[in-house]
Amino acid sequence: MAPADGWSGSAVDPRRPPRGVGMTGRPVVLLLGGSPSPRSHTAAVIGAAAGVLTELGAEPLVWDLAARPLPIVDASCHGRPELYADPLARQLSPMAARADAFVLASPTYHGSYSGALKNALDHLDGHEMAGKPVGLLAHGENLTAVQVCDALRTVVRALKGVAVPEQLVTVPGDFERTGDGRRLLAAPAARGRLDVLCRSLVAVTRQLAAGDAVGIGTAWE
């Protein structure tokens, strides 16, 4: 939840480690799953993305909001997560600050992303995502779920993140059920788009860490 009079991004935020810290060859990617339902399509996509990122040499950290729900954000704790009584609320901001990149995933709720994901993002104060690449995933009954990605791009920009152009929108037909009831992303086309997105995310993360991107990331050097 970034206040209007908060950090402007014009100087290095002292709370944020310089670009490249923690980048020992394996970029850390925090995946936020925005469905409050267990065994959801969104959780299945996050799991598939974590697998692809691992194959690409990244270190995925999965935060499934169905399994690790957060309390409603408390404005009095803004920028000071250690003040929360809830241990999960104390963990999210430091974990996000450690990440080199993000994946945000959500089901379609009333033409946009879920309230659970909005609440999670409100627990961040802006420095955690600043200058970092972000991949976007959405699920819905049809491809109008792209509205989720459109809405999240605005949020990523407000948090000073860098949303990569590639994205993935899934529909129910892209999944299969396992014997124990879990969903798996199975459609070759969807898995192909996920692979392209993850490759782009890792490539941009490495470029920013190396300072190779023009006009992005150099403020951290």
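Here is a yes/no grid of residues against (1) within 20 Å of residue 156 (Cβ to Cβ); (2) among the polar types (S, T, N, Q); (3) surrounded by 18 or more Cβ atoms within 10 Å (Cβ to Cβ):
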site	(1), (2), (3)
54	no, yes, no
75	no, no, no
79	yes, no, no
98	yes, no, no
109	yes, no, no
126	yes, no, yes
131	yes, no, yes
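The rows are residues; the columns are (1) farther than 27 Å from residue 183 by Cβ; (2) part of a helix (DSSP H, G or I).
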{"site": "49", "(1), (2)": "no, yes"}
{"site": "53", "(1), (2)": "no, yes"}
{"site": "62", "(1), (2)": "no, no"}
{"site": "71", "(1), (2)": "yes, no"}
{"site": "76", "(1), (2)": "yes, yes"}
{"site": "102", "(1), (2)": "no, no"}
{"site": "121", "(1), (2)": "no, yes"}
{"site": "137", "(1), (2)": "no, no"}
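Taken over region 143-173, the criterion of being under 20 Å from residue 43 (Cβ atoms) and in a loop (DSSP other than H, G, I, E, B) is satisfied by 171 alone.
In the condition set (1) without any contact (Cβ under 8 Å) to a residue 12 or more places away in the chain; (2) hydrophobic (A, V, I, L, M, F, W, C); (3) not in a helix (DSSP H, G or I), residue 184 is compliant with all but (1).
Close contacts from region 34-60, counting a first residue that is more than 17 Å from residue 193 (Cα to Cα) and a second that is among the β-branched types (Val, Ile, Thr) and assigned to a helix (DSSP H, G or I), with Cβ to Cβ under 7 Å and a gap of 6+ residues or different chains, come to 34/42; 35/42; 58/202; 60/54. In region 203-210 there is no residue that is at pLDDT below 95, among the aliphatic types (A, V, I, L, M) and more than 19 Å from residue 28 (Cα to Cα). Quick one: is residue 116 farther than 21 Å from residue 184 by Cβ, hydrophobic (A, V, I, L, M, F, W, C) and either buried (at least 17 other Cβ atoms within 10 Å of the Cβ) or modelled with pLDDT of 95 or more (or both)? The answer is yes for residue 116. The condition of being in contact with a Lys or Arg (Cβ under 7 Å, 6 or more places away or on another chain) and either surrounded by 17 or more Cβ atoms within 10 Å (Cβ to Cβ) or basic (Lys, Arg) (or both) does not hold for residue 104.
The values are calculated or read from the model by the stated rules, or taken from the named source; none is laboratory data. As the structure is a prediction and not an experimental result, all values here were calculated from the model. Reconstructed Cβ throughout: ideal geometry from the backbone, glycine too, with neighbour counts over all protein chains shown.
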